[in-house]
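Okay, so here's the structure we're looking at.
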Amino acid sequence: MTENLNILHTMLHTWSDEEVSEAWQMIADEGKRRKQVKTRKLKGSLRVGDKVEYQSRRTGITRGHIIKVKTKNALVQVNGQQWNVPMAMLTKI
């Protein structure tokens, strides 16, 4: 565990339930904000034909290429099949 996580672990044991709930909400909000920023940056850089990869539950890391860039998702062709993948899951390779 990193030093920051050790500090958080100690704080969680000393905070009230209300403080833990508020901290949890702050962490969730920051996670959503970071996901939105990543999606915006990626959407601006992705083009049809770009090679990408994403983590699939069934097959692990999956590689394909962009067929179409949508508002929040991209249509990715993998081994002849098309998948609608959220931008936040994609990594340009």
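Less than 18 Å apart at the alpha-carbon level, and either on another chain or at least 8 residues along: which aspartates and glutamates does that give for residue 92?
50, 53
Between 0 and 90 degrees, rounded to the nearest ten: what's the tilt of helix 3-14 against the longest Cα principal axis of the chain?
50
Once you put a point 7 Å from the Cα of residue 45 and another 7 Å from the Cα of residue 72, both along the Cβ direction, what distance in nm separates them?
Each label point is offset 7 Å from its Cα along the Cβ direction, giving 2.2 nm.
May I ask you to derive the FRET efficiency for residue 12 and residue 56 from their Cβ-Cβ distance with R0 = 30 Å, giving the value to the nearest 0.05?
0.35
Between residue 29 and residue 88, what FRET efficiency follows from the Cβ-Cβ distance if R0 is 25 Å, with the result rounded to 0.05?
Working: r = 16 Å, r/R0 = 0.62.
Using R0 = 25 Å, I get an efficiency of 0.95.
Which links in 35/68; 43/72; 32/68 stretch past 18 Å when you go from one Cα to the other?
Over 18 Å apart, Cα to Cα: 35/68; 32/68.
Read-outs: derived from the displayed coordinates by stated rules, not from any lab. From a predicted model like this one, the values you see are computed outputs, not experimental measurements. Every residue, glycine among them, receives a Cβ derived from its backbone with ideal geometry; neighbour counts consider all protein chains shown.
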